[in-house]
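Colleague: This is the structure, below, for whatever I ask next.
The values are calculated or read from the model by the stated rules, or taken from the named source; none is laboratory data. Since the structure is predicted, the reported quantities are computational estimates derived from the model, not experimental observations. For neighbour counting, all protein chains shown are included, and Cβ atoms are generated from backbone atoms with ideal geometry for every residue, glycine included. The accessibility values were calculated without ligands, DNA or RNA, using every heavy atom of the protein model including side chains. Shrake-Rupley method; radii C 1.70, N 1.55, O 1.52, S 1.80 Å.
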Amino acid sequence: KHERGVGRVEEKRMPDLLIVLDSSGSMYWNFMEHEKNERGPYHAALVASFAILHQARMKGVKFSVINFSNHAEICEWSKNYHEAENVLLRYQGGGTQLPIKAIKKQVNKAEGNVLVFIITDFGIYNWTRSKQLLLELVQKGHKIVGFFIGSEKIPKNKFKGLLDKVSFYAIKNEKDLI
């Protein structure tokens, strides 16, 4: 897109993309199951993440991936789809600690603004510190979108102060995420 102003043309570039994917135990993954609807929420999150990466690659956007549970597995900024795919496929099955330091580090490494997709079931143990990080990122011009699998609605009291700054989507049925 180009925007014309008085005597100048300014190019607006697409933001870099950071996918933050929850692979905790509550996001179970039964990849051996033959029935698609029995493979678990992690399977749906993987398919959605692959689709997002495919679109980013088609648009020429740099991307990074953080797969988190008890610790963060990171794919550095790249346009290499296979590196990101390998990180996404490392299901951990532990607790749910949003990797605040890893997210901050990856966003700071980006060349410009970042679009951050967080895909989780919202069983995040360190929510207070996570909320502070999200607010900090938004204030710096980054865009945050959260997809919460298994939720019918976003709890307004828990997200107070974020709802007008961050986009959250309740995904009642994990198949709707894709």
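Colleague: Looking only at the chain, where both bridge partners belong to it, what percent of the DSSP beta bridges are antiparallel (to the nearest 5)?
Modeller: Values: 9 of 32 bridges.
Counting DSSP beta bridges with both partners in the chain, the antiparallel share is about 30 percent.
Colleague: Within region 71-156, list the trypsin sites (Lys or Arg not before Pro) lying in a DSSP loop whose Cβ has at most 14 other Cβ atoms in a 10 Å radius. Write out the running numbers ahead of the final one.
Modeller: Working: sites: LYS79, ARG90, LYS101, LYS104, LYS105, LYS109, ARG129, LYS131, LYS140, LYS143, LYS153, LYS156; in loops: LYS79, ARG90, LYS140, LYS153, LYS156.
Passing sites in region 71-156 are LYS79, ARG90, LYS140, LYS153, LYS156.
Colleague: Right, something else. Taking 0.36 nm per residue of sequence separation and subtracting the Cα-Cα distance, how much length would be gained by fully extending the chain between GLN139 and ALA51, in nm to one decimal? Walk me through the numbers before you get to the answer.
Modeller: Values: separation 88, 0.36 × 88 = 31.68 nm, distance 2.82 nm.
Taking GLN139 through ALA51 to full extension adds about 28.9 nm, to one decimal.
Colleague: Measure up LYS62/LYS105; LYS105/LYS160; LYS131/LYS160; LYS105/LYS172; LYS131/LYS165 against 21 Å on the Cα-Cα distance and list the ones that go over. The partial results should precede the final answer.
Modeller: Working: LYS62/LYS105 15 Å; LYS105/LYS160 25 Å; LYS131/LYS160 10 Å; LYS105/LYS172 31 Å; LYS131/LYS165 11 Å.
The answer is LYS105/LYS160; LYS105/LYS172.
Colleague: Using 0.36 nm per residue of separation minus the Cα-Cα distance, give me the extension gain between GLU76 and ASP176 in nm, one decimal.
Modeller: On the way: separation 100, 0.36 × 100 = 36.00 nm, distance 2.84 nm.
Taking 0.36 nm per residue and subtracting the Cα distance, the gain is 33.2 nm.
Colleague: Could you give each residue of region 159-165 its phi-based ³J(HN,Hα) in whole Hz, using Karplus coefficients 6.51, -1.76, 1.60 with θ = phi - 60°, and x for Gly or Pro?
Modeller: Listing the rounded values in order: 9, 3, x, 10, 4, 8, 10 Hz.
Colleague: Mind giving me the FRET efficiency for LYS160 and TYR125? R0 is 25 Å, r the Cβ-Cβ distance, nearest 0.05 is fine. Walk me through the numbers before you get to the answer.
Modeller: Working: r = 19 Å, r/R0 = 0.76.
That gives a FRET efficiency of 0.85.
Colleague: Evaluated at 25 °C with a viscosity of 0.890 mPa s, what Stokes-Einstein diffusion coefficient in µm²/s does region 55-153 have when Rh comes from the Kirkwood expression over alpha-carbon pairs? Walk me through the numbers on the way to the answer.
Modeller: Details: Rh = 14.3 Å.
Here the translational diffusion coefficient equals 172 µm²/s.
Colleague: Further, regarding this structure: In sequence order, what are the phi-derived ³J(HN,Hα) couplings for region 128-136 according to the Karplus relation 6.51 cos²θ - 1.76 cosθ + 1.60 with θ = phi - 60°, rounded to whole Hz, with x for glycine and proline?
Modeller: Karplus-based 3J(HN,Hα) across region 128-136 equals 4, 5, 5, 4, 4, 4, 4, 4, 4 Hz.
Colleague: Could you check how much of the accessible area of region 59-116 is carbon and sulfur, as a whole percent, using a 1.4 Å probe?
Modeller: So the carbon and sulfur contribution to the accessible surface is 46 percent.
Colleague: Can you give the helix-only mean residue ellipticity at 222 nm for the chain, where every DSSP H stretch with n ≥ 4 adds -39500 (n - 2.57) and the sum goes over all residues, rounded to the nearest 500 deg cm²/dmol? Don't skip to the end; give the middle numbers.
Modeller: Numbers: 5 runs with 54 residues, N = 178.
Value at 222 nm, helices only: -9000 deg cm²/dmol.
Colleague: Once amide H atoms are placed 1.01 Å from N in the peptide plane, what residues at a sequence separation of 5 or more from TYR28, or on another chain, have their amide H within under 5 Å of its amide H?
Modeller: Long-range HN contacts for TYR28: TYR42.
Colleague: Further question: Select from region 86-167 those GluC sites (Glu not before Pro) which occupy a DSSP coil region and have at most 11 other Cβ atoms within 10 Å, ordered by residue number.
Modeller: Working: sites: GLU111, GLU136, GLU152; in loops: GLU111, GLU152.
For GluC sites (Glu not before Pro) across region 86-167 that sit outside H, G, I, E and B with at most 11 neighbouring Cβ atoms in 10 Å, the list reads GLU111, GLU152.
Colleague: Looking only at chymotrypsin sites (Phe, Trp or Tyr not before Pro) in DSSP loops with at most 12 other Cβ atoms within 10 Å, what is the longest site-free stretch of the chain?
Modeller: Details: sites that count: PHE31, TYR125.
Answer - 32-124.
Colleague: Still on this structure: Report D for the chain in µm² per second (integer): Stokes-Einstein, Kirkwood Rh on Cα pairs, 20 °C, 1.002 mPa s. Provide the component values of the computation, followed by the final result.
Modeller: On the way: Rh = 16.8 Å.
This corresponds to a translational diffusion coefficient of 127 µm²/s.
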